[in-house]
Structures are given as C-alpha cells and as structure tokens.
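The structure appears below as structure tokens.
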Amino acid sequence: MVSAERRRPVVVLYERIADAIHAGVYPPGSTLPSEPRLAAELGVSRPALREALLLLQEDGLLSVRRGVGRTVNDSPPRRGFEHVQPLEDLLGTGAPVRVRALLRTVEEPTDFTTQHLLAPARAELRFWESLLVAEGTAGALSQEWAAPDDVLARVHTAFATALRDAAAPDRTSMLAVLTGASRGVPLAGHSTVTATLLGQRRGEQLGRPADTPAVLVTQVIRIGDTPVLAAKHMLPTGAPALPLLQSN
C-alpha cells in the first residue's frame, strides 16, 4: 500500500474533493463554494486549492461557467489518445527531444486512474513524471500511469517485464517502453485535447508562470478492452508542434 505521506499533496487534496463529490456532498449540477470559503472549509491555502481544482476540471469532474463558478459535472468525459507513438518522437521532428525524469514511483489510484485504468482501491500503480526537453528548454510535462502489475501480467507480460527491468527509466517515457515491448501486440488509443492553464506546480516544473496557457492531451492505451496505460501530457505556449494525421 502507498502511504498518504508518499502521495503528492495536490493529489491528497484532489482526492478529498473528489471523494466529497462522489459522496454527494457536492451533487451533480451543484456549484462549489467560492475559493476563499472552500479553502477555509478544507483548511488549505488558496494556491493549493486552485491547483487541485484545476486538475479536477481537467479530469472532467468540474466545469467552469462564467458568472456562476465551478459546477459538478453529471458524468466524466471520455479520455484517450489516437496515435500510439511516444510523445518525445512526435515532438522531435525538429530538434531532438530527450526525456528527463522528475519522478519514478508507485501511487494508489486517484479518481483519474480509477476511471481510466479501472484500478481498484488500494492498488499500486507505477507513476512516471517527466519533462520533455528540446535544445535545453522544457517543452512538455508528461505524467504516465501503468495498469496494476497483475493486470499487465495477464494481458501484456512483455510490458510488465520491460517496465520492471528498464535499463534507463530516467531517460525514457513509459509509452516508449510500452511501444518497444509491443511488437505484434495490437494497441488502441483514444485522446482528448483540452485548453487549460499550467497552474503553480506545473509552471514551476516547466519554468513558466502559473497562468501560462497550455494544451492538455489526455491519453489512454488499451489492449482489447483492457487499459494498460493512462497519461496526461501538458504542452505550454511555445512548445514544439504536435503533428496529428487525419484522413477521411
């Protein structure tokens, strides 16, 4: 089990609010209290609260309505990613993009990973957080979660082994490990692209102001009906272009 002390503070706060939503404290369609009031009720600072609310909005639990405030959504949106290729390869069509590890750990499921990886409570999920750096500048922030080890052992043993034995996990992304271990294994993905702001923590990681506009790409990779990887990729203003191939 992953102790609360090892979980990121923003995740702990995120879960407190998500749990209140699921428990009906804030029912679907209701409006959350104002930031000052909610921060006081939760006993946290407004910047910390704003960071957690931003994540809840990105994950589809909340919406922002002009003149109304933050409201609880009736149901979360679909998430995923259509093109199964490491983001560092997609962004590296100009200057080479390298992966710089920020965190390699295990976490208990959040509402996001419960929704997208179907992870049971108390499961342990590998979590990788990385910067994608081009010409010395951080161009994107990636957060990736793998399905529980027992699920990977059942549906994709090569991926489970590659994750465990990765030679240089601090210099590669989880998706790169997955695609490298998946020759002959059919992978499917879906995605959403959302306009958002970096927020304080991610702004500090990327060396940008908290109110920097950004694009969030949410990605889920499946084998058949089983999700094996979920990710969030944050691309701030000025990031390398992300090419998308479309056809009719």
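For the chain, the alpha-carbon coordinates run over 52, 43, 39 Å along the three principal axes, in decreasing order.
Only protein heavy atoms count here; under a 1.4 Å probe, Phe127 has an accessible surface of about 0 Å². From most to least packed by mean Cβ count within 10 Å, the peptides 208-220, 22-34, 60-72 give 208-220, 60-72, 22-34.
Accessible surface of Leu125, taken over heavy atoms with a 1.4 Å probe and every protein chain present, rounds to 0 Å². Taking the helices alone, the chain has a mean residue ellipticity at 222 nm of -8500 deg cm²/dmol, built from -39,500 (n - 2.57) per DSSP H run of at least 4 residues and averaged over all its residues.
Computed over the chain with a Gaussian network model linking Cα atoms closer than 10 Å, the most mobile of Ala121, Ala181, Ala138 is Ala121. Dividing the mean sequence gap of close Cα pairs (under 8 Å, 6+ apart) by how many residues the chain holds gives a relative contact order of 19 percent.
The values are calculated or read from the model by the stated rules, or taken from the named source; none is laboratory data. All values derive from a computational prediction rather than experimental measurement. Using ideal geometry, Cβ is built from the backbone for each residue, glycine included, and neighbour counts are taken over all protein chains shown. The accessibility values were calculated without ligands, DNA or RNA, using every heavy atom of the protein model including side chains. Shrake-Rupley method; radii C 1.70, N 1.55, O 1.52, S 1.80 Å.
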